[in-house]
1. For the list (1) surrounded by fewer than 15 Cβ atoms within 10 Å (Cβ to Cβ); (2) over 17 Å from the mean Cα position of the chain (by Cα), I need the number of the one condition that residue 121 fails.
2. Kindly list, by first and then second residue, each pair from a residue in segment 212-223 that is touching a residue at least 12 places away in the same chain (Cβ under 8 Å) and of a type in the set (Asp, Glu) to a residue that is assigned to a loop (DSSP other than H, G, I, E, B) and open to solvent by 10 Å² or more (accessible area, probe 1.4 Å), limited to pairs with Cβ atoms under 9 Å and residues at least 6 apart or on different chains.
3. Report yes if residue 136 is in contact with a Ser or Thr (Cβ under 6 Å, 6 or more places away or on another chain) and in contact (Cβ under 8 Å) with a residue 60 or more places away in the chain, otherwise no.
4. Does segment 92-118 hold any residues that are of a type in the set (Asp, Glu) and open to solvent by 40 Å² or more (accessible area, probe 1.4 Å), and which are they?
5. Determine whether residue 186 is modelled with pLDDT of 90 or more, touching a helix residue (DSSP H, G or I) at 6+ places or on another chain (Cβ under 9 Å) and open to solvent by less than 20 Å² (accessible area, probe 1.4 Å).
6. Among the residues of segment 38-91, which ones are among the hydroxyl-bearing types (Ser, Thr, Tyr) and open to solvent by less than 60 Å² (accessible area, probe 1.4 Å)?
7. When residue 23 is evaluated against the numbered criteria (1) buried (at least 23 other Cβ atoms within 10 Å of the Cβ); (2) modelled with pLDDT of 90 or more, which criterion, by number, is the only one it fails?
Amino acid sequence: ITGACCASSLWLLLPPCTGSFSRIVLLNPCRAMPRGAKPKLYYNPEMSTHTHPWAHVEKRTRASDVYEHLDRAGLLGSVQVLPGHSASDEELRTVHTQRHIDEVGRMTAAARADPTNRELCEPDGPGGVYYSGHADAAARLACGCVIDAAVGVLQDSKNATATRASPGDKARRRAPPAFAIVRPPGHHAGADPTDGHHAEGFCFYNSVAVAAGVVLASGDAQKVAILDWDVHHGNGTQSLFYEEGRCLYIPLHRFGRAVVPRD
């Protein structure tokens, strides 16, 4: 996700969700950052508890691999690491229906009770979205990290704007950027009105859409732009904001037959 140009607008940028990659980068590209301000990195190791006894491209380590790489590269000392929070039903309902939320919870409970039942855990068949006893909790943490990143950048932007480098300095200053390393991914989770489970494409809750919904509902942002760079089209994000005039959704994806890396 990328952040805000001013206190009332927000850019949310999504790197590719395939492979061992992060989901969200949040930054504010406008003006100079206050001296000494560190970028914020949101990551919670509990997201790795959502896993599968069968081989699957949506690996439990896809977020932890990125975090550990940053650690080995010596970059974690340059950022403020924060754990994020677990998104509430109220926050999820800014874009998802209660029925969607209840269904994810029900399927998670069923997978917890019968974790070796592959037909139950993979309702779309092998290789599709999979449930585990921790699916709902991990997806809520992913949403919470992105919400905190979005809200934090907007609030810090307001504070930075009010702070002057000197009494005569009228330049607007920007907040430090924020980066969220989260999984499971989210941009295929949409507003499916049909009966049955609503998760697809390894996604349960649409973390970026929920973050956008939260800041729009609170008034922290008047407009949101989402730039989604991925192999696949973020059909869930598009469906959630298709008629929302305050959100601009820009998907950049592969044309033609879908491809998911297998290595």
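The values are calculated or read from the model by the stated rules, or taken from the named source; none is laboratory data. Quick caveat: nothing in here was measured; it's all calculated off a predicted structure. A quick note on method: Cβ atoms are made from the backbone with ideal geometry, for glycine too, and the neighbour counts reach across all protein chains shown. SASA here: full protein model, heavy atoms, side chains in, ligands and nucleic acids out. Shrake-Rupley method; radii C 1.70, N 1.55, O 1.52, S 1.80 Å.
1. (1)
2. Short answer, once both residue conditions are applied: 220/7; 220/8.
3. Yes.
4. 102, 114
5. yes
6. Answer for segment 38-91, where residues must be among the hydroxyl-bearing types (Ser, Thr, Tyr) and open to solvent by less than 60 Å² (accessible area, probe 1.4 Å): 42, 43, 48, 49, 51, 61, 64, 67, 88.
7. (2)
To keep it simple, each residue is scored yes or no on (1) open to solvent by less than 30 Å² (accessible area, probe 1.4 Å); (2) modelled with pLDDT of 95 or more; (3) out of contact with any Asp or Glu (no Cβ under 6 Å at 6 or more places or on another chain); (4) not in a loop (DSSP other than H, G, I, E, B).
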| site | (1), (2), (3), (4) |
| --- | --- |
| 193 | no, no, yes, no |
| 224 | yes, no, yes, yes |
| 227 | no, no, yes, yes |
| 238 | no, no, yes, yes |
| 254 | no, no, yes, no |
| 259 | no, no, yes, no |
